[in-house]
1. Using the crude model of +1 on Lys and Arg Cβ and -1 on Asp and Glu Cβ, and no other charge, please compute the dipole size for the chain relative to its Cα centre, in debye to 20.
2. Could you work out the helix-only [θ] at 222 nm for the chain, with each DSSP H run of four or more residues adding -39,500 (n - 2.57) and the total divided by the number of residues, to the nearest 500 deg cm²/dmol?
3. Picking from G117, Q47, L94, whose Cα lies most toward the positive end of the charge dipole for the stretch 42-127 (charges on Cβ: Lys, Arg +1; Asp, Glu -1)?
4. Expressed in nm to one decimal, what extension gain is obtained for the pair S246 and R459 from 0.36 nm per residue of sequence separation less their Cα-Cα distance?
5. On a C-alpha basis, how far is the centre of the stretch 7-70 from the centre of the stretch 357-407 in Å? Whole number, if you could?
6. Could you give the angle, 0 to 90 degrees to the nearest 10, between helix 290-322's Cα long axis and the longest principal axis of the Cα atoms of the chain?
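Readers should treat all values here as calculations from the given coordinates under stated rules, not as data from a laboratory. Remember, predicted model here, so these are calculated numbers, not experimental data. As a convention, Cβ positions derive from the backbone with ideal geometry for all residues, glycine included, and neighbour counts pool all protein chains shown.
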Amino acid sequence: MSSRIPALSNEDVLALRAATDPLPTSLDSWLELVAVTPFDQIETNTQRIAPAIYTNLQTAGAFAERERLRGTYKYSWARNTRALHEFAPVVRKLELARVNYRLIKGVAVQLTLGNIGSRIMGDIDLVVSEVDVETVHGILLSHGFKPNFTSPCAVFHTGTPRDALNYNSGRCHVDVHIAEHKEPSLLYKYILKKPPMKVELDGTHYLIPEATLLLITAAVHGAKNFSATDLIQSCTDIALLSQGASAELVKLYAQETQTKLAVNHMYRVLETADLECFKGGIPSEVLVGRIQAFLILKQTTARRLRKQLLFMSNLSRRYQERRLPASVIARAYQQLDGRRLLYAIWLATGRFARVEQFLLRGKSSILTAPKHTLDLPGAITSFEAKSNKGINVSRASQLTQDWRFTIELAQPQKILTMTLESKFFDKFDASLYWNGKHHVRIVSGDASMLHIVFKRVPRTTEFSIRPIFQLCPDCSQSLNDLQIFIDLPNN
């Protein structure tokens, strides 16, 4: 967590107010936003909280872009309802097995607020104690959930992670967090220790933390700011949950779970938005002064150092797992049409995304940009053949387990769609990178994830599809049938 308080953009502030302020202030903020920015050009932050904006404005009658906002809510409601329908039998079995669990984050926030469509929910987050992990694992498997945290490849089978276990059954994704190992562990152990709130939905009772603990969890997640829209979603959650959480309890729980800095960080961000729910100012009880912040940081330095040492140890292990033999790198160097030296350095240093981003600074791609422009719709049917017009593919894909390709568009596009086809995705997970940055994890068995949308696409754009886990040659060859179809929406 950075000590610097990130600045919210003007659009962020208007979107936050539209999602959390009472009417008519919220409607005024929304109308101001769409008066300046057309709906199809709104930022990803606004897109992330669009269902919450509709939830807050739905009683306002007719207003600009109501139907498109309603569409985001309906999509969110349908996806979330389907996921909970798949997960409900698991919850009932957890209750029968007397497993001490809590649902947190998106699903718990929506159950607290009483509206399942008001928030985009990528997965269902479940917190359990280490003693219950095997029981939970067995229950999930018995209900058709597939673990995604170990490689199906027998040669490169990876060990079980200690902090989170990922499962999916079709479109329903579940993250199981182990309280003793998920940071900050004091918070998650505290969540399991405190009596739960029991919320009934469609005949199933779900155990969730009280609103104050959900607020603190949102603050921790927002302060880490792992993905581009985490901050705005956490700000929205905190503002909505604050109406059912007392400042005194926030202060007490944050102190007992050693999360005061994260809570302070997020409230300082919210100060800049001037929301109606904090019109009287952010409660002083939850804010931390500079001296107190320094003392807290000093107390946690040893713990941070231990975490850094563990991280470096894991990084060294991952490097040993991911590095390629010199002979393979030499062959890839010869086969690549592009910045060969940069690519060889990336391969030699373990194929880490951060290294790729560093090497690509100021450059559009590793591969050479195509000489001609791509006629849409376009397709890649083979990574072995010569590149198609407007597309340049890496012919070293099989060697490096990096199915990389660059396209040249006639002009930048607001929206571009991509559809992937391969039997590989029935069994193996993969990540798709866009100009060196992680865009989406493709979870095996979920056909909906094979249709991917990109927004604000520049003329020269590079994509890379990589298996999540290291695979043996036999397993990686199952991507040889990969076909990629690129098009504009509604074509």
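1. Taking the Cα centre of the chain as origin, the dipole is about 1500 debye.
2. The helix-only estimate for the chain comes to -13000 deg cm²/dmol at 222 nm.
3. About the Cα centre, the residue reaching furthest to the positive side is L94.
4. Computed gain between S246 and R459 is 71.6 nm.
5. After rounding, the separation between the Cα centres reads 38 Å.
6. The angle comes out near 30 degrees.
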